[in-house]
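The values are calculated or read from the model by the stated rules, or taken from the named source; none is laboratory data. Bear in mind that the values here come from a model prediction, so they are computed numbers and not experimental data. Virtual Cβ from ideal backbone geometry, glycine too; neighbours counted across all protein chains shown.
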C-alpha cells in the first residue's frame, strides 16, 4: 500500500515537473524569442517629426555635466531639450543656464521647493510636457546617455499615424563585480519581458530612461491623476494605462539604446527595486496573471526538480528529462540571442544562477512592500 502511494506521489511530481517546464518553454518560445526576431525598419521609412526631449533632474549636476551634451548634440534636424530642475540644491541651474547660451534649443525650468507641497517626478514630467513646444516627446533620465548620436532618429522613426508610443531599451553601464551582473541581468530580463509582450500586442510597461510618446496619447490619458499618489509609475503605469496593440511600437536598433549609471550598493538597488515593484498592484488583471504565472511555474519547476533528484524518482524518466533539458537549453539559446541583440556582454554564464535567485529576491521584496505598506497604515 505504501509503495502504491509513493508511486502515485512520484507520478504526480513527474507530471508537475513536465507541466511547469512546458509552461516555461511556452513563455520563451511565444514571448521572449520575439526580442531576437524583431526586424529593423528600413531607413527610407524613418520619421523626421520635431522632437521635445524631456529630462527631469534632482541634484544631478555631476551626471548632467557628464551626459547632457550627448543629448543636445544629437544629429536630428529639429528638436529641443527640456530640462526640468526638480528642486535641486546643487549647481544644476548654473550649469544648464550657461550651457543654454551656446545651445539655444535647451529649455530650462525649475521647480521651487515648497515644504507645504509634496510632489514626485510626475509633476516634473507634467511641467516638462507643458513647456515642450513640439508634440512628440522622448524621455531620458539625467543619469543616462544615448549610446549613439542617432538615438533620436531611431526612436522617432517608430512614430506614425497609428503608433503613438515607442518603447526603447535602457541598460546599465558594464562594471565589475557580482552586483553589476545582478543589476544588468535583472534589467535585461525585465526588458526582454516588456519588449516581447509589447511585440505580442500586450504592452504593459516601459522604462522612463528611454520612452517616447506624443501629445495625443498624453491628452487621452489621466495625465498621471490615477496614480499620482504612487511615487513611481510615471513610465510603467502610464504605458499600462494607455498602450494598446495598435498604438505601441518598440525600438531595438542598437543605436536607439541608452545607458545609465549603476547603483553602488546592493541596498541602493534593493530600495530602487522595491520602489519599482510598488507599481505592479495597479497593473490590469491580464498583466498580473501573465507576470505571475511565469515566475510561479519557474518556482514549481525548481522545487519539483529537487524532489525528483533527491528521491531518485524514475517515473516518466524519458519525457521528464527531455522536457526539462529542453527548457534549460531554450533558456540559454534565447538569452544568448537576446543579450546579443541588446548588447549585454558577459551575462550568459550567470543565466542559470539568476534564473533561480532573482525570483526569490523579488518575492522577498514584494513581501517587504506588503509588510511596510500595512505598517504605514
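Filtered by the rule that a residue be under 13 Å from the mean Cα position of the chain (by Cα) and not in a helix (DSSP H, G or I), segment 236-250 gives a lone residue, 250.
If you go through segment 205-239 and pick out every residue that is surrounded by fewer than 23 Cβ atoms within 10 Å (Cβ to Cβ) and over 19 Å from residue 274 (Cβ atoms), you end up with 14.
If the condition is being part of a loop (DSSP other than H, G, I, E, B), touching a helix residue (DSSP H, G or I) at 6+ places or on another chain (Cβ under 7 Å) and buried (at least 19 other Cβ atoms within 10 Å of the Cβ), then segment 123-142 contributes 140, 142. Kindly indicate whether residue 13 is over 26 Å from residue 234 (Cβ atoms), over 30 Å from the mean Cα position of the chain (by Cα), surrounded by 14 or more Cβ atoms within 10 Å (Cβ to Cβ) and in the same structural domain as residue 307 (by TED's automatic domain parsing). Taking the combined requirement at face value, the residue satisfies it.
Residues to consider are 83, 71, 138, 38; find the one that is under 26 Å from residue 172 (Cα atoms) and at pLDDT below 95.
Values: 83 fails: at pLDDT below 95; 71 fails: at pLDDT below 95; 138 fails: at pLDDT below 95.
Only one candidate qualifies: 38.
Just one of (1) buried (at least 16 other Cβ atoms within 10 Å of the Cβ); (2) over 22 Å from residue 227 (Cα atoms) fails for residue 290. It is (2). Hey, does segment 87-102 have a residue that's closer than 19 Å to residue 148 by Cα and not assigned by TED's automatic domain parsing to the domain that holds residue 314? Within segment 87-102, none of the residues are closer than 19 Å to residue 148 by Cα and not assigned by TED's automatic domain parsing to the domain that holds residue 314. From the list 174, 158, the lone residue that is in the same structural domain as residue 216 (by TED's automatic domain parsing), part of a loop (DSSP other than H, G, I, E, B) and closer than 13 Å to residue 210 by Cβ is 158. The residue list 192, 166 contains one member that is buried (at least 23 other Cβ atoms within 10 Å of the Cβ), outside the structural domain of residue 126 (by TED's automatic domain parsing) and under 16 Å from the mean Cα position of the chain (by Cα), which is 192.
Out of the residues in segment 108-122 that are touching a residue at least 24 places away in the same chain (Cβ under 8 Å) and under 18 Å from residue 222 (Cα atoms), state the one that is surrounded by the most Cβ atoms within 10 Å (Cβ to Cβ).
Within segment 108-122, the subset touching a residue at least 24 places away in the same chain (Cβ under 8 Å) is 108-113, 120-122.
With the extra rule that they be under 18 Å from residue 222 (Cα atoms), the set shrinks to 120-122.
Working: 120: 16, 121: 19, 122: 22.
In this case the residue turns out to be 122.
Residue count for segment 298-325, restricted to those that are more than 30 Å from residue 170 (Cα to Cα), touching a residue at least 60 places away in the same chain (Cβ under 8 Å) and surrounded by 15 or more Cβ atoms within 10 Å (Cβ to Cβ): 12.
In the set (1) in contact with a strand residue (DSSP E or B) (Cβ under 9 Å, 6 or more places away or on another chain); (2) touching a residue at least 60 places away in the same chain (Cβ under 8 Å); (3) under 22 Å from residue 63 (Cα atoms), the condition left unmet by residue 187 is number (2).
State which residue is farthest from residue 160 (Cα to Cα) when the search covers only segment 41-51 and only residues that are at pLDDT below 95 and either assigned to a loop (DSSP other than H, G, I, E, B) or not assigned by TED's automatic domain parsing to the domain that holds residue 160 (or both). Show your work before the answer.
Looking only at segment 41-51, we keep the residues that are at pLDDT below 95, and these are 41-48.
Adding the requirement that they be either assigned to a loop (DSSP other than H, G, I, E, B) or not assigned by TED's automatic domain parsing to the domain that holds residue 160 (or both) leaves 41-42, 46-48.
Details: 41: 12, 42: 14, 46: 9, 47: 8, 48: 10 Å.
Only one residue tops the list, namely 42.
Filter segment 258-273 down to the residues that are assigned to a helix (DSSP H, G or I) and buried (at least 17 other Cβ atoms within 10 Å of the Cβ), then identify the one that is farthest from the chain's Cα centre (by Cα). Full working, then the answer.
The first filter runs over segment 258-273 and keeps only residues assigned to a helix (DSSP H, G or I), leaving 266-273.
Imposing the further condition that a residue be buried (at least 17 other Cβ atoms within 10 Å of the Cβ) reduces the set to 269, 273.
Details: 269: 14, 273: 11 Å.
So, considering only residues that are assigned to a helix (DSSP H, G or I) and buried (at least 17 other Cβ atoms within 10 Å of the Cβ), the one farthest from the chain's Cα centre (by Cα) is 269.
Filtering segment 93-107 to residues that are more than 19 Å from residue 73 (Cα to Cα) and surrounded by 14 or more Cβ atoms within 10 Å (Cβ to Cβ) leaves only 93.
Condition (residue is closer than 26 Å to residue 36 by Cβ and in contact (Cβ under 8 Å) with a residue 40 or more places away in the chain) applied to segment 229-236: is it met by at least one residue?
As a first pass, look at segment 229-236 and keep what is closer than 26 Å to residue 36 by Cβ: 235-236.
Now narrow it down to the ones that are in contact (Cβ under 8 Å) with a residue 40 or more places away in the chain: 235-236.
Yes, segment 229-236 has at least one match.
Within segment 329-351, being in a helix (DSSP H, G or I) and out of contact with any helix residue (DSSP H, G or I) (no Cβ under 7 Å at 6 or more places or on another chain) holds for 329, 333, 340, 349.
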